[in-house]
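The values are calculated or read from the model by the stated rules, or taken from the named source; none is laboratory data. Everything numeric here is computed off the predicted structure, so don't read it as measured data. Backbone-built Cβ (ideal geometry, glycine too); neighbour counts: all protein chains shown.
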Amino acid sequence: MSDQIKPDELLNKIDYGPKKKSEPGNWMNTSVQIRPGMYCYAAKAESVKTLSLPNARPWNPLEDDWKLPDNWQEIIFQGLKERLEKFRTFKVFMDICVRCGACADKCHFFLGTGDPKNMPVLRAELLRSVYRNDFSTAGKILSKIPGGKALAGARPMTMDVLKEWWYYFFQCTECRRCSVFCPYGIDTAEITIMAREIFNLLGLNIDWIATPVSNCFQTGNHLGIQPHAFKDMLDFFVEDIEDVTGVNCAPNFQKKGADILFITPSGDVFADPGTYTCQGYLILFQYLKEKYGLDVTWSTYASEGGNFGFFTSHETMKRLNAKMYAEAKRLGVKWILGGECGHMWRVIHQYMDTMNGPADFLEEPVNPITGTKFENARSTKMVHIVEFTADLIKHGKLELDKSRNSNRIMTFHDSCNPARGMGILDEPRYVIENVCDNFYEMPPNTIREQTFCCGSGAGLNAGENMELRMAGALPRANALKYVHEKFGVNTLGTICAIDRAALSTLCEYWVPDVEVYGIHELVGNALILPGEKNRTEDLRFEPLPGVEEEESDE
Amino acid sequence: MHLKQILKKNRGPFIKKWFQATIDTYPEQTAKILGKDSNRFDNPVGAVTRETIEGVFSLITEDFSQETLEKALDPVIRIRAVQAFSASDAVSFVFTLKKIGENILDDSLIGEFDKIVDKIALAAFNKFMKCKEEIFLLKATESKRRIHRAFERAGLVAELSEDDLVSSKKS
């Protein structure tokens, strides 16, 4: 790749936009065209107000006037200065990129949209060019020489630059695939994170982030579902599970002194197909209670594992994260078990400890059934349910009938954050292989650390930016289509709530014959509950494999 | 010689030129990467574009219908329908075939060849519209289908059923 993109080519020769030779121009002077289908609606004023974040007002990205405060340039300058001083990584990442281009063709948004400004190096360069102009010594010296600004790759902060930042930093899902290929280890996601923090200083968030954050802050979950409705939904799942299994799997709510507090993204409780994964959790907890006396509680207050504060600012992320630990402390549980989620785990694994940790009022997580110490969670006290279930299977603690999933020809999508953010690569595969007969990997350059993003993470799973999402999903879909055609794969397993929603839409557009399943839905189907009836249906009320034929034979 | 036989004979140059003309509809830096003959999972748009062009070209050297043309064009149009192309730019790559034909074919065959290109263009436009309609439908029904179904099951809403909401897709 490095032989493909030379720095001067990147900086000076990009003919941006659908091929129009008439105005080649320099990329730094091109004003951005915000295109419907590619951007998300602006944050509602009331959602911004809830968190007392600045400049709450109605505004529209398509209008010329973004209704910014008069001193918006000063706010950006101060915001950048503060962050360059506070976050060493940000400062280093601004300085050390040599523009080798190794990341250029690694981004799913670049591969899908074909827009050069979605090359991670160039997306970051949008911000670096202003950094060089305002902060770097070399940039300041060069700016005094005629033509020096172009030489330094520097440009002043203008309204056009801000709009371009906004457009492209909301075309990054912070998935970090590019950073895997960077010889310097630059984490481009952190550059996007900083850019989005700057936007929030001006009230420039998108609504698909701002309103969930506001809901979560006020009500406890992104969808703004109040405690009684949260309980109603779980009660309803309990009825469904009883219809399928004949066993009552009613959970505990806010039970003081329970062994473990369980927290999952609210998408599992309210959005298909995550709801079936949620039923899988309930079945597992009932099994463990019945067999081993494990006491798990849910909470209608800490009813959100996800954290869209992560896509807003580090302060907002900290505020939302704190409630999970406050609830664990209030209930007096030993440790926290977390559901199948993506960015939730990057927040827990990489940021929680320095934000709200150490959680020294909780115990170091030990699986009471197997005795396994989860040493990776020693400080955060929060264990991923896939690690927990894999450990139970490894020690022979679960009785499983994998034939119930034998109609599922599986592949597995590594979600960016658990895979690249915390190294959960083998546990989900181990669980799948123990609950399913048929498993085929997608090609190696599209899985594990090199996994392609769903294209809808980091708050971009809105409806209005569907073209962007489908373009970003293309590299993942391309690999999925391959295993669908080669091995007859009909099921895409994943351990992320956003993925369960986003990949379902991806499949509808790109590979219509594939369905999306959470791993614990498959566990729920396979697990043999004590006292269960002869099961004939899976959790989706579809006939179990073999049952359909038996019925038609009669 | 019959046109289809001549097309078969010149398959190599036709495909090479048509592929290049198609990826040249992207910005220059992007076209450079798409043109690389790299692993098809590292370069999905380049690979799918190449495979589709090969498929469509094979088809026009045999018997084809509007339906089979649309099917063959699907992978590449499906991609271009979500990219920053206007409707005309999205299907413009088909018309580049005319110029390629002029350079390769004998004058007496140009008229017949251009008629085939027109058929490909019409099929491409049909496919483009179908893909756009799919996108609009996804936009319209995605959140309703996900959230509404769960709420409906829990008896928290009593409005149109989920089937009613998506029935337009089935019809």
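Observations on the structure shown:
- Scanning region A:422-458 for residues that are more than 22 Å from the chain's Cα centre (by Cα), surrounded by 17 or more Cβ atoms within 10 Å (Cβ to Cβ) and either over 18 Å from A:Lys394 (Cα atoms) or within 12 Å of another protein chain (Cβ to nearest Cβ) (or both) yields A:Asn438, A:Phe439.
- B:Thr52, sole failed condition from (1) polar (S, T, N, Q); (2) within 11 Å of chain A (Cβ to nearest Cβ); (3) within 12 Å of the chain's Cα centre (by Cα): (2)
- When the criteria are applied in full, A:Leu111 meets the requirement of being assigned by TED's automatic domain parsing to the domain that holds A:Leu62 and under 22 Å from A:Ala462 (Cβ atoms).
- Region A:511-538 residues that are not assigned by TED's automatic domain parsing to the domain that holds A:Gly280, paired with ones that are among the β-branched types (Val, Ile, Thr) and at pLDDT below 95 (beta carbon under 7 Å, 6 or more apart): A:Thr536/A:Val547
- The residue pairs whose first member lies in region B:77-99 and is touching a residue at least 12 places away in the same chain (Cβ under 8 Å), whose second member is among the hydrophobic types (A, V, I, L, M, F, W, C) and assigned to a loop (DSSP other than H, G, I, E, B), and whose beta carbons are closer than 8 Å, counting only pairs six or more residues apart or on different chains, are B:Ala90/B:Ala81.
- From B:Glu134, B:Glu142, B:Glu162, residue being at pLDDT 95 or above and either in contact with a strand residue (DSSP E or B) (Cβ under 6 Å, 6 or more places away or on another chain) or surrounded by 15 or more Cβ atoms within 10 Å (Cβ to Cβ) (or both): B:Glu134
- Looking at A:Gly185, A:Gly101, just one residue is without any contact (Cβ under 8 Å) to a residue 60 or more places away in the chain, on the phi > 0 side of the Ramachandran plot and assigned to a loop (DSSP other than H, G, I, E, B), and that residue is A:Gly185.
- Region A:507-518: number of residues that are touching a Lys or Arg at 6+ places or on another chain (Cβ under 7 Å) and among the hydrophobic types (A, V, I, L, M, F, W, C): 3
- Of all residues making up region B:14-47, the number that are at the interface with chain A (Cβ under 7 Å from one of its Cβ atoms) and under 19 Å from B:Leu69 (Cα atoms): 0
- The set of residues in region B:26-47 being in contact (Cβ under 8 Å) with a residue 12 or more places away in the chain and surrounded by fewer than 20 Cβ atoms within 10 Å (Cβ to Cβ) consists of B:Gly35 alone.
- All positions within region A:470-506 that are among the hydrophobic types (A, V, I, L, M, F, W, C), under 18 Å from the mean Cα position of the chain (by Cα) and assigned to a helix (DSSP H, G or I): A:Met470, A:Ala471, A:Ala473, A:Leu474, A:Ala477, A:Ala497, A:Ile498, A:Ala501, A:Ala502, A:Leu503, A:Leu506
- A single entry from A:Tyr509, A:Tyr517 fulfils the requirement of being more than 13 Å from every other protein chain (Cβ to nearest Cβ) and crowded, with 20+ Cβ neighbours inside 10 Å: A:Tyr517.
- Yes/no for B:Pro13 being more than 20 Å from A:Ala477 (Cβ to Cβ) and assigned by TED's automatic domain parsing to the domain that holds B:Lys132: yes
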